[in-house]
Amino acid sequence: MERAVRRTTTLLKHVVCRRSLQMSLREYTAGIIVIGDEILKGQTTDTNSHFLCKHLFTLGVKVKKISVIGDDLEVIAKEVSEFSSKYTHVITSGGIGPTHDDKTFEGVAKAFDDDICPHPEIVELCKQFWGANLSSPKMKLAMIPKSARLEYGVNKKTGEKNKFPLVVVNNVYIFPGVPSLMERSFIALEDLFKNPDAHFYTEEIYVQQDEVSIAPILNEVDEEFKVDVTLGSYPDFHNNYYKVKLMLESSNPEQITKAATALKNKLPNESIVNYDCQPIINAADRVYKLVESCSSDDVYGNNVQKAVSVLEECLQKYSLDEICIGFNGGKDCTALLHLYHAVVKRKYPGHQGKLKALYIKSKLPFPEVEKFTQISRDKYHLEMLHFEGRIKDSLGQLKANHPNIKAVIMGTRLTDPYSSHLEAFSMTDADWPQFMRVNPVLHWSYSHVWKFLRDLCLPYCSLYDRGYTSLGSMNNTHPNPLLQYVDEHGVLKYRPAYTLSDPTKERDGRN
């Protein structure tokens with residue numbers, strides 16, 4: 001009797017505390033407890049908390065704290081008890097397997113002064129899935145807190161009820177630690193966490209100045225709006241377009257608009273970047289909008305339009321399996337790759353396969369080029385066909401290894417060496433492996449390439465921001481001397497490639 005009274009008092013304390021918290025703050029909150037010695041020892045990487053934070057935010061739930069603890073019964077019980085009294089939802093991940101060190105169920109039971117016992121529904125599921133009897137270690141999965149309830153959830157794609165339930169005690173949701181299982185279960189049950197009254201608004205501002213230089217402005221705006229708006233500052237040391245991303249978050253749309261306006265008014269005008277954070281997703285829409293809006297006297301716009309027409313014609317003549325695009329990480333082929341991706345997405349919006357890309361590795365490639373090529377491969381979903389050596393020999397290997405390929409799309413311009421005679425569709429010379437060379441950007445200028453890359457916020461190799469204007473191998477390529485300058489500290493530096501004013505000097509950094 002005494003124990004029952006004590007347990008009821010404990011539960012009431014958690015419920016009252018949680019309800020009063022919700023009423024006073026008028027928000028849904030969450031605490032995440034990641035359980036497992038393997039996390040603390042660095043043997044396993046925790047991805048669950050990142051997944052949960054991202055999805056809870058979209059559901060109108062603010063994550064207030066993440067705790068990573070080991071497989072210790074007392075520690076689990078203490079952490080669960082504390083979190084349960086502070087937050088609307090408590091989510092645990094890990095520690096619910098069949099082995100001796102899986103102690104989450106016992107820890108949660110202890111937090112609420114509860115017992116564990118076999119739950120008949122889970123017992124039957126263990127028998128059904130694993131043929132386990134009551135003495136099997138797998139039956140430990142059925143030993144859950146006596147006061148627990150089961151939530152099955154529904155698969156959003158099939159509409160079917162999940163076969164295995166989530167165990168819930170009071171406001172504590174006990175998820176598995178295996179990321180694939182946890183993510184699948186959470187998505188099926190996300191309606192349990194959704195805040196029906198919350199509407200989160202966000203606005204992002206991208207700034208081409210370092211964080212230190214704008215810190216006084218950030219502090220001033222934060223002080224003025226901190227009651228209603230959360231202002232985050234996130235430096236990015238590798239982006240081609242901005243140095244700091246400012247993120248404003250609020251449930252009050254008027255206040256977030258005022259805070260964003262205040263920031264924009266106080267920041268130097270030239271420092272704010274009109275940045276597209278999803279240029280590859282938006283590729284087809286933005287490229288075709290550019291093509292449709294260009295006037296007859298717009299040389300740049302008409303060159304883009306011509307490139308799109310050539311690529312569309314290529315896709316009429318050849319199937320995707322018969323085409324590969326030359327890509328070596330340079331600026332021209334980066335612009336071309338984006339164009340090709342956009343045209344393919346417009347013509348085949350449901351296409352999920354990989355686009356074939358021909359990569360002929362130079363003798364001494366820059367590490368930055370290799371890295372950028374790999375990043376582009378993943379972002380554009382490419383199947384890289386790697387070859388080394390002379391171009392002619394590499395094309396011979398391409399012909400032997402991939403006889404179905406008939407056309408190679410190249411980023412060649414008329415100003416490139418030995419290219420003034422080319423047309424949009426030109427077969428290779430008679431003594432070369434026979435491919436149709438498709439040249440969409442023949443008439444583009446150096447400035448057109450950079451305008452396309454920069455206007456569409458496309459990622460490009462970092463070497464171009466360090467004064468390189470034409471990339472070859474490490475033994476024959478240097479920063480362009482025309483871009484040299486000495487900064488205020490007397491240090492020799494180079495301006496970015498897109499600032500080169502004389503396009504005829506594009507290859508001045510090449511031996």
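The values are calculated or read from the model by the stated rules, or taken from the named source; none is laboratory data. Values in this document were obtained by computation on a predicted structure and should not be read as measured data. Reconstructed Cβ throughout: ideal geometry from the backbone, glycine too, with neighbour counts over all protein chains shown. SASA here: full protein model, heavy atoms, side chains in, ligands and nucleic acids out. Shrake-Rupley method; radii C 1.70, N 1.55, O 1.52, S 1.80 Å.
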Among the listed residues VAL90, VAL80, identify the single one that is crowded, with 24+ Cβ neighbours inside 10 Å, on the phi < 0 side of the Ramachandran plot and touching a Ser or Thr at 6+ places or on another chain (Cβ under 6 Å).
VAL90
Which numbered condition in (1) among the small types (Gly, Ala, Ser); (2) touching a Leu at 6+ places or on another chain (Cβ under 6 Å); (3) under 21 Å from HIS338 (Cβ atoms) is the only one that SER473 fails?
(3)
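Does PHE83 qualify as being of a type in the set (Phe, Trp, Tyr) and modelled with pLDDT of 90 or more? Before the answer, list the steps.
Numbers: of a type in the set (Phe, Trp, Tyr): yes; modelled with pLDDT of 90 or more: yes.
So PHE83 fits the description; yes.
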I'm trying to understand the selection: among the residues of segment 204-227, which are open to solvent by less than 90 Å² (accessible area, probe 1.4 Å), in a helix (DSSP H, G or I) and closer than 21 Å to ASN252 by Cα?
LEU218, VAL221, ASP222, PHE225
Select from segment 481-511 the residues that are open to solvent by 60 Å² or more (accessible area, probe 1.4 Å) and part of a loop (DSSP other than H, G, I, E, B) and list them in ascending order.
GLU488, HIS489, VAL491, ARG495, SER501, ARG507, ASP508, ASN511
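Have a look at GLU383, GLU370 and point out the one that is part of a strand (DSSP E or B), under 17 Å from GLY326 (Cβ atoms) and either open to solvent by 20 Å² or more (accessible area, probe 1.4 Å) or not hydrophobic (A, V, I, L, M, F, W, C) (or both).
On the way: GLU370 fails: part of a strand (DSSP E or B).
Going through GLU383, GLU370 in turn, just one is part of a strand (DSSP E or B), under 17 Å from GLY326 (Cβ atoms) and either open to solvent by 20 Å² or more (accessible area, probe 1.4 Å) or not hydrophobic (A, V, I, L, M, F, W, C) (or both): GLU383.
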Looking only at residues that are touching a residue at least 40 places away in the same chain (Cβ under 8 Å) and among the charged types (D, E, K, R) in segment 47-98, which one is farthest from LYS194 (Cα to Cα)?
GLU79
Give me the pairs: first residue in segment 242-260 and without any contact (Cβ under 8 Å) to a residue 60 or more places away in the chain, second residue of a type in the set (Val, Ile, Thr) and open to solvent by 50 Å² or more (accessible area, probe 1.4 Å), beta-carbon distance under 7 Å, and six or more apart or on different chains, which are they?
MET247/THR202; LEU248/THR202; GLU249/THR202; GLU249/THR230; SER250/THR230
Restrict the check to segment 4-11 and report whether at least one residue is within 17 Å of SER147 (Cα to Cα), modelled with pLDDT of 95 or more and of a type in the set (S, T, N, Q).
no
Quick one: ASN195 ticks every box in (1) under 22 Å from PRO279 (Cα atoms); (2) in a loop (DSSP other than H, G, I, E, B); (3) open to solvent by less than 60 Å² (accessible area, probe 1.4 Å) except a single one, so which number is it?
(1)
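Tell me, please, whether a residue that is touching a Gly at 6+ places or on another chain (Cβ under 8 Å) and either open to solvent by 50 Å² or more (accessible area, probe 1.4 Å) or modelled with pLDDT under 95 (or both) can be found in segment 267-288.
no
Can you tell me how many residues in segment 426-447 are in a strand (DSSP E or B) and not aliphatic (A, V, I, L, M)? Before the answer, list the steps.
Just the residues of segment 426-447 that are in a strand (DSSP E or B), to begin with: 426-427, 436-438.
This time we only want the ones that are not aliphatic (A, V, I, L, M), so: 426, 437.
Counting residues in segment 426-447 that are in a strand (DSSP E or B) and not aliphatic (A, V, I, L, M) gives 2.
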What strands (runs of 3 or more DSSP E) completely inside segment 25-96 contain at least 3 residues that are of a type in the set (Lys, Arg)?
61-69
Checklist (1) buried (at least 19 other Cβ atoms within 10 Å of the Cβ); (2) part of a loop (DSSP other than H, G, I, E, B); (3) under 30 Å from the mean Cα position of the chain (by Cα) applied to TRP450, failing item
(2)
Residues located in segment 338-348, provided they are surrounded by fewer than 23 Cβ atoms within 10 Å (Cβ to Cβ) and free of Cβ contacts under 8 Å to residues at least 60 places away in the same chain:
VAL344, LYS347, TYR348
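Please enumerate the residues belonging to segment 143-168 that are of a type in the set (Val, Ile, Thr), surrounded by fewer than 16 Cβ atoms within 10 Å (Cβ to Cβ) and in contact (Cβ under 8 Å) with a residue 12 or more places away in the chain.
Let us first name the residues in segment 143-168 that are of a type in the set (Val, Ile, Thr), namely 144, 154, 158, 167-168.
Filter once more, keeping what is surrounded by fewer than 16 Cβ atoms within 10 Å (Cβ to Cβ): 154, 158.
Listed by number, the list holds a single entry, VAL154.
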Looking at the structure I just gave you, is SER185 of a type in the set (Ser, Thr, Tyr) and surrounded by 19 or more Cβ atoms within 10 Å (Cβ to Cβ)?
yes
Mind checking whether some residue in segment 390-406 is closer than 21 Å to VAL449 by Cβ, modelled with pLDDT of 95 or more and open to solvent by less than 20 Å² (accessible area, probe 1.4 Å)?
no
Just one of LEU422, LEU414, LEU463 is crowded, with 16+ Cβ neighbours inside 10 Å, closer than 21 Å to VAL308 by Cβ and touching a residue at least 12 places away in the same chain (Cβ under 8 Å); which is it?
LEU422
From the residues in segment 457-490 that are touching a helix residue (DSSP H, G or I) at 6+ places or on another chain (Cβ under 8 Å) and among the aliphatic types (A, V, I, L, M), which one is nearest to ASN511 (Cα to Cα)?
LEU471
Looking at segment 93-121, which of the residues that are farther than 22 Å from SER81 by Cα and in contact with a strand residue (DSSP E or B) (Cβ under 7 Å, 6 or more places away or on another chain) is least open to solvent (accessible area, probe 1.4 Å)?
HIS119
Just wondering, is there one or more residues in segment 313-324 that are out of contact with any strand residue (DSSP E or B) (no Cβ under 6 Å at 6 or more places or on another chain), assigned to a helix (DSSP H, G or I) and buried (at least 17 other Cβ atoms within 10 Å of the Cβ)?
yes
